[in-house]
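The structure appears below as structure tokens.
The values are calculated or read from the model by the stated rules, or taken from the named source; none is laboratory data. Remember, predicted model here, so these are calculated numbers, not experimental data. Backbone-built Cβ (ideal geometry, glycine too); neighbour counts: all protein chains shown. Just the protein is used for accessible areas: all its heavy atoms, side chains included, with ligands, DNA and RNA removed. Shrake-Rupley method; radii C 1.70, N 1.55, O 1.52, S 1.80 Å.
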Amino acid sequence: MLRDTPSPCSGAGTHGCLCSTAPLSFLSLLQGPGNAAFQDRSRTLARKEEKDKFQLQISGNLFIKQFLHLLTRLKPAENITEQYMEKVLHAVFFFGRLNRRQMTPNDFLEPSFSQRLQQKYPQSFQQYSTHLPSLTPYSILLQFGNEVAGCRTQNEMESFLHEFNSAVQTAMKKQVPNLEPSEFIFRAAVVAYSFYKEPQKEAGFPLFYGASLSCKGLTEKKIMISILCLRMWHKAVAFAVYHGQDNQAIVFPDEVKCRAFCYSNGAFTEKPPCVNCKMMYHVAFQPFEGDNRENIKWPHGNCAENECLSKLLQGVPGLQERVVSTDTSVIHNPPQNTYQAIEQEFANSIEANLTNQLIMLLQTKNFPHLLQFFEP
């Protein structure tokens, strides 16, 4: 119970009853210039929230439908279809749940369509508000392109992604003509690939693709980065992301190359790494120079280079042992910047700190923080 709160007529006496003057004071407050400014800000915020929700709604609806078309066209095995569709649905619904104006699956899908999908893929509908995804939607698409569609070369992957992007953009123009392509939330702005060319070996080398985070909102991005560091990315990449602002980089062998591409106007254009990537990874970026921005708005871990370098380390046997960090803060014998030292630090402190950070971020969204992961 609040203390020092007057009873309804406790002001009766020489000053009269407070009840009689309160409504007049309140009305004058509402009509004051300060309150008008507050109301303007509230209306502006409400319009922004409504626009953000609409963009998310359209983006989720179109991504789900185009991914269904992709599955129908390529006709993978039933268990593969089910697994990928569950992952896509869950990821989209999860970001709806995190949105400031919380959304349910029915906000993304027409009622009859939603009902059909729920009957066929029930797990995503049941667990989007209790379990965490392991990838953003566009990274699921990349995974599908590599593992199911069989994209092995740069041309094959770019053709696959271009076809999907174009289909989404065509549907978006037809459905919402005023929405810009950049406002489609679940398309990655940048994709990148890395590769390791073994010395004195003429045989071809696999390309490992990654995408920038296809989600909107700083908190949402930070949640996904924490999830990826804990769940999906190689420990050396998680180390680099965790130490992003500490000037501790990961150093790759000279034979490792990394290239990034921005998708715009229906084509992939080569782009240099941002300042974050150059700070986090000492690797042969191609090209290296060109992005001179000193301050960027996205957090460490947002870029496509993180995912592609992680896949490279996971996919090339023995490569991780040749990775070192630039940590020279403490001189020991043996050196403390070996990959074994990176692994040890991850186990000793980074993993626990990232877990605590993820829990705190989820709490800001009132999301259960038991850290259960969606596994279709």
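Could you list, ordered by first residue, the pairs with Cβ atoms under 6 Å in which the first is in the range 77-101 and of a type in the set (G, A, S) and the second is outside any helix (DSSP H, G or I) and open to solvent by less than 40 Å² (accessible area, probe 1.4 Å), at least 6 apart or interchain? From the range 77-101, the pairs are A91/P133; G96/M103. The set of residues from the range 221-247 being open to solvent by 20 Å² or more (accessible area, probe 1.4 Å) and either in contact (Cβ under 8 Å) with a residue 12 or more places away in the chain or polar (S, T, N, Q) (or both) comprises K221, K222, L230, R231, M232, W233, K235, Y242, Q245, N247.
Residues that are more than 29 Å from V168 (Cα to Cα), at pLDDT 95 or above and open to solvent by 50 Å² or more (accessible area, probe 1.4 Å): does the range 260-279 have at least one? Checking the range 260-279: not a single residue is more than 29 Å from V168 (Cα to Cα), at pLDDT 95 or above and open to solvent by 50 Å² or more (accessible area, probe 1.4 Å).
Scanning the range 136-159 for residues that are touching a helix residue (DSSP H, G or I) at 6+ places or on another chain (Cβ under 7 Å) and open to solvent by less than 20 Å² (accessible area, probe 1.4 Å) yields T136, P137, S139, I140, L141, F144, G145, C151, M157.
Screening the candidates I359, I331, I296 for the property of being modelled with pLDDT under 90, of a type in the set (A, V, I, L, M) and under 27 Å from P137 (Cβ atoms) yields one hit, I296. Please go through the range 355-369 and pick out each residue that is in contact with a strand residue (DSSP E or B) (Cβ under 9 Å, 6 or more places away or on another chain) and part of a loop (DSSP other than H, G, I, E, B). F367, P368 - these are the residues of the range 355-369 that are in contact with a strand residue (DSSP E or B) (Cβ under 9 Å, 6 or more places away or on another chain) and part of a loop (DSSP other than H, G, I, E, B). Pairing each residue of the range 104-131 that is under 17 Å from E82 (Cβ atoms) and in contact (Cβ under 8 Å) with a residue 24 or more places away in the chain with any residue that is polar (S, T, N, Q) and in a helix (DSSP H, G or I), provided the two are 6+ apart or on different chains, yields C-beta distances under 6 Å for F125/Q118.
Taking the range 167-204 as the range and being open to solvent by 40 Å² or more (accessible area, probe 1.4 Å), farther than 13 Å from Q55 by Cβ and not charged (D, E, K, R) as the test, the residues that pass are Q169, T170, P177, A189, P199, Q200, A203, G204. Quick test for you: out of K51, K65, K75, pick the one residue that is open to solvent by 70 Å² or more (accessible area, probe 1.4 Å), at pLDDT 80 or above, under 30 Å from E375 (Cβ atoms) and out of contact with any Phe, Trp or Tyr (no Cβ under 8 Å at 6 or more places or on another chain). Of the residues listed, the single one that is open to solvent by 70 Å² or more (accessible area, probe 1.4 Å), at pLDDT 80 or above, under 30 Å from E375 (Cβ atoms) and out of contact with any Phe, Trp or Tyr (no Cβ under 8 Å at 6 or more places or on another chain) is K75. Pairing each residue of the range 151-179 that is of a type in the set (G, A, S) with any residue that is open to solvent by less than 80 Å² (accessible area, probe 1.4 Å), provided the two are 6+ apart or on different chains, yields C-beta distances under 6 Å for A167/Q66; A171/L62. The single residue among E307, E351 that is under 29 Å from Q126 (Cβ atoms) and touching a Gly at 6+ places or on another chain (Cβ under 9 Å) turns out to be E307. Quick one: is L29 of a type in the set (A, V, I, L, M), out of contact with any Cys (no Cβ under 7 Å at 6 or more places or on another chain), at pLDDT below 75 and part of a helix (DSSP H, G or I)? Yes. Listed conditions (1) in contact (Cβ under 8 Å) with a residue 12 or more places away in the chain; (2) open to solvent by 20 Å² or more (accessible area, probe 1.4 Å); (3) closer than 21 Å to Q245 by Cβ are all met by K311, apart from (3).
Evaluated against (1) at pLDDT 95 or above; (2) open to solvent by 30 Å² or more (accessible area, probe 1.4 Å), R100 falls short on exactly one condition, (1).
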